[in-house]
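Undergrad: One structure, pasted below without further comment.
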Amino acid sequence: MAYSLVLLNGSKPGTTLRLDPVPGVVTLGRHISNDLQLDDDKASRMHSRISLRGDRWHIEDCDSLNGTHVNSQPIEQSLLESGDLIRIGDRLILFVDSDSTQEPADVQTSVFRATTMMGRHSDCEDRGGLVEESVSESMSRIVRDSAVLCRLANLLHQHSDIEVLIRSAIDALVDGVDADSVSVWLVAADGRLRCAGRWGETEEKHLLASLAVEKGKAILINHPDSSVSDSVTDSPAPVGLALGVPIPGPQTCRGAIECHRSERQGPFSRSDLDFSVVVAHQAGLALENLEHRERLELANAELRRRLSSQNQLVGTSKAMKQVVEQIGRVGPASSTVLILGESGTGKELVARSIHDMSRYSAGPYVTVNCAAFSESLLESELFGHEVGAFTGADRRYIGQFERAHRGTLFLDEIGEMSLACQAKLLRVLEGHAFQRLGGTEEINVDVRMIAATHRDLPAMIAERQFREDLYYRLRVIDIKMPPLRDREEDVIELAAMFVESFRSQMGRGPLRLSKDAMQALRNYRWPGNVRELKNAVERAVVLGQGDEMEVGDLGLPSITASSVARPEMITLKEAEERHIKFVLERCDGNKTQACKVLGIGRATLYSKLGSD
């Protein structure tokens with residue numbers, strides 16, 4: 001497939017350069033030595049290079065002063081697709097498929113310059129107005145089409161589906177400007193225009209839409225007899241009647257509308273253009289409202305999640321009160337925090353609470369479990385990688401450090417991190433820039449670091465498994481999470497909260513804990529801490545059949561109803577005899593040793609046992 005570059009403006013608009021696979025490299029710039037010379041002071045001597053890699057053409061910026069833009073997006077390097085609009089300084093260059101039915105000559109700007117109207121509304125500067133005359137000049141047309149516009153406004157603001165919004169805008173344009181074909185193009189995340197909807201026999205070309213987005217102005221081709229000659233074949237090529245109108249966004253254009261009409265229908269009028277401008281503005285506002293609603297819904301869900309996580313950090317024990325007090329002091333600061341404690345004690349909840357109280361709370365909260373990645377994958381996960389950095393790296397990956405910019409990065413189980421990755425992490429913590437794997441770009445981020453581990457880091461330092469300098473860099477402030485066995489006062493409170501939570505989720509289950517179940521929960525040592533308690537309560541809610549949760553429902557090892565039964569009511573003499581027999585059993589019947597343990601003489605022992 002052959003491709004060409006078409007210069008759309010400047011002193012030589014319409015200049016066409018066919019891209020030759022051999023040698024497969026084309027340069028663009030101000031100097032005469034370039035393959036495509038640009039008469040623009042903003043262009044560098046050699047500004048950009050277009051090269052063939054495999055069967056695809058790529059463009060890369062050659063460290064120019066003012067940068068290279070593709071579809072209004074600044075790039076360092078980018079894959080080119082047919083219809084892409086390249087901007088270097090003020091020069092616009094179109095990358096087109098030379099084998100297509102539409103020849104490059106069809107888009108030469110000599111036609112646009114003769115048959116196109118581009119300007120701004122004097123009363124719409126703040127919204128990027130599009131045409132040079134006031135809408136009031138076409139008021140008669142607006143009144144005539146008021147029914148269409150009112151119906152459009154109602155439809156746009158009644159629906160929350162983007163496809164329905166686009167379809168409503170297309171239907172209004174079909175009714176209002178009597179076009180043979182209508183297409184709506186939206187700017188995707190990669191900066192390219194993607195077709196969001198079409199009507200009639202439309203092609204995949206989006207030249208007018210690209211120009212409308214690039215210029216931020218409406219384009220109207222209203223001369224049915226215009227034609228140009230291909231600079232290569234010298235054959236005349238007709239230019240169809242068309243209009244392109246940008247869809248405004250809060251800061252930049254979010255897309256454009258493109259309409260076409262056959263010659264027998266006659267050219268579009270200025271009223272058609274003004275009508276399309278109104279539709280584009282309505283569509284832009286509706287899309288903005290839809291995005292705002294989605295942001296509010298996400299923020300609402302995030303707020304509910306934050307409140308849920310805060311509610312789970314409960315406890316009235318002295319140890320837990322100390323932790324909550326530390327969080328209150330540490331949260332508003334920007335210091336690095338190291339959270340220590342056994343697995344299941346709630347270290348991640350503490351990290352989340354610190355983030356919510358910090359100045360980074362409006363930013364992202366990113367969690368990485370260091371134990372879940374191998375050494376090589378963890379480095380890529382944290383710092384990202386470029387294409388070809390390693391086998392299987394077929395696309396650029398943005399690391400979690402970049403994703404957490406202006407937010408908080410929580411590194412769980414940091415004790416599992418390799419020494420090599422620790423060294424790179426230490427450098428970032430000390431304020432240095434980092435590079436993606438396989439990349440050369442220096443990246444700086446503003447991230448608050450919180451780390452956690454259940455490992456004994458000082459012991460690991462002694463065994464040279466953890467860097468001492470990283471340990472002290474992380475341990476600016478350390479918070480030690482108490483194990484659940486040291487929080488006996490909190491066990492029942494946590495269990496009751498979990499009962500209510502799981503019962504609300506499932507719509508059934510026991511209403512409360514029985515006395516025996518509460519005693520069993522207090523007596524158990526909880527090696528798995530809060531996580532084990534939560535799982536035990538969930539099991540009991542699922543399996544429980546009565547209104548009260550029984551001991552057997554909890555499924556705790558070596559815990560039975562008999563082991564937590566109330567003590568038998570016996571006399572002091574009987575208790576004394578049982579204790580003496582217990583001590584004798586532990587001393588293997590050695591009465592001399594038993595007397596030493598009990599602190600009594602041999603005669604007293606015989607007397608209490610009732611034997612000689």
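Undergrad: So what are the ³J(HN,Hα) numbers for region 495-500, from phi and the Karplus equation (6.51, -1.76, 1.60; θ = phi - 60°), rounded to whole Hz, Gly and Pro as x?
TA: Per-residue couplings from phi come out as 4, 5, 5, 5, 4, 5 Hz.
Undergrad: Considering only C-alpha atoms, what is the centroid distance from region 388-447 to region 453-472, in Å?
TA: So the two Cα centres are separated by 21 Å.
Undergrad: Another question, if that's okay. Amide H of Gln77: which non-local residues (sequence gap of 5 or more, or other chain) have their own amide H closer than 5 Å, using H built in the peptide plane?
TA: Long-range HN contacts for Gln77: Asp61.
Undergrad: Continuing with the same structure: Under a 1.4 angstrom probe, counting protein chains only, how are Asp175, Asp469, Asp356 ranked by accessible area, largest first? Present the calculation step by step, with values, prior to reporting the outcome.
TA: Numbers: Asp175 90, Asp469 70, Asp356 30 Å².
Sorted descending by solvent-accessible area, the residues read Asp175, Asp469, Asp356.
Undergrad: Work out the FRET efficiency for Asp178 and Glu297 from their Cβ-Cβ distance, taking R0 = 51 Å, and round it to the nearest 0.05.
TA: Here the calculated transfer efficiency is 0.85.
Undergrad: Determine the sum of side-chain charges near Thr440: Lys and Arg each +1, Asp and Glu each -1, restricted to other residues whose C-beta is under 11 angstrom from that of Thr440.
TA: That sum, taken over residues with Cβ under 11 Å, equals -3.
Undergrad: So, in Å, what gap is there between the alpha-carbon centers of region 17-31 and region 250-287?
TA: With region 17-31 and region 250-287 each reduced to a Cα centre, they are spaced 36 Å.
Undergrad: Continuing with this model, one more query. If amide hydrogens are placed 1.01 Å from N in the peptide plane, which non-local residues have theirs closer than 5 Å to the one on Arg406?
TA: Close amide H contacts, sequence-distant or interchain: Asp446, Val447.
Undergrad: Also: Classify region 458-612 from the C-alpha gyration tensor, please: rounded if a/c falls under 1.5, else prolate or oblate depending on whether a/b exceeds b/c.
TA: Oblate shape, in that a/c is at least 1.5 and b/c is the bigger or equal ratio.
Undergrad: Amide H to amide H, which residues 5 or more places from Ile339 or on other chains are under 5 Å from it, using H placed in the peptide plane?
TA: Ala451, Ala452, Thr453, Ile479
Undergrad: Per residue, how much accessible area does region 369-435 have with a 1.4 Å probe, in Å²?
TA: About 46 Å² of surface per residue is accessible.
Undergrad: If DNA, RNA and ligands are ignored and the probe is 1.4 Å, what is the ranking of Met357, Met569 by accessible area, most exposed first?
TA: Accessible-area ranking of Met357, Met569, largest first: Met569, Met357.
Undergrad: Further question: Can you list the HN-Hα couplings for region 243-253, worked out from phi with the Karplus curve (6.51, -1.76, 1.60; θ = phi - 60°), rounded to whole Hz and with x for Gly and Pro?
TA: The phi angles translate into 9, x, 10, x, 9, x, x, x, 10, 10, 5 Hz.
Undergrad: Take Arg427, project a point 7 Å from its Cα along the Cβ direction, then tell me which residues of region 435-458 have their backbone nitrogen under 18 Å from it.
TA: Hits in region 435-458 for Arg427 at 18 Å: 435-447.
Undergrad: Can you pull the percent of region 400-533's accessible area that's carbon plus sulfur, 1.4 Å probe, other chains left in place?
TA: C and S atoms contribute 43 percent here.
Undergrad: Among 590-600, 516-526, what's the highest-first ranking by average C-beta atoms within 10 angstrom per residue?
TA: Top to bottom by mean Cβ count within 10 Å: 516-526, 590-600.
Undergrad: Apply the Karplus curve 6.51 cos²θ - 1.76 cosθ + 1.60, θ = phi - 60°, to the phi angles in region 51-61 and return the couplings in whole Hz, x for Gly and Pro.
TA: Values, residue by residue: 9, 8, 10, x, 10, 10, 8, 10, 10, 9, 7 Hz.
Undergrad: At 7 Å along the Cα-to-beta-carbon direction for both Ser504 and Arg539, put a label point, then send me their distance in nm to one decimal.
TA: Label-label distance for Ser504 and Arg539, simple model: 2.5 nm.
Undergrad: Label points 7 Å out from Cα along the Cβ direction at Lys12 and Cys195: separation in nm?
TA: For Lys12 paired with Cys195, the spin-label model returns 3.4 nm.
Undergrad: Give the accessible surface of region 462-540 per residue, rounded to a whole number of Å², with probe radius 1.4 Å and ligands, DNA and RNA excluded.
TA: 56
The values are calculated or read from the model by the stated rules, or taken from the named source; none is laboratory data. Because the structure is a prediction, the values reported are computed rather than measured. Here the Cβ is made from the backbone with ideal geometry for all residues, glycine too, and neighbour counts use every protein chain on show. In case anyone asks, the SASA skips ligands and DNA or RNA and just uses the protein heavy atoms, side chains included. Shrake-Rupley method; radii C 1.70, N 1.55, O 1.52, S 1.80 Å.
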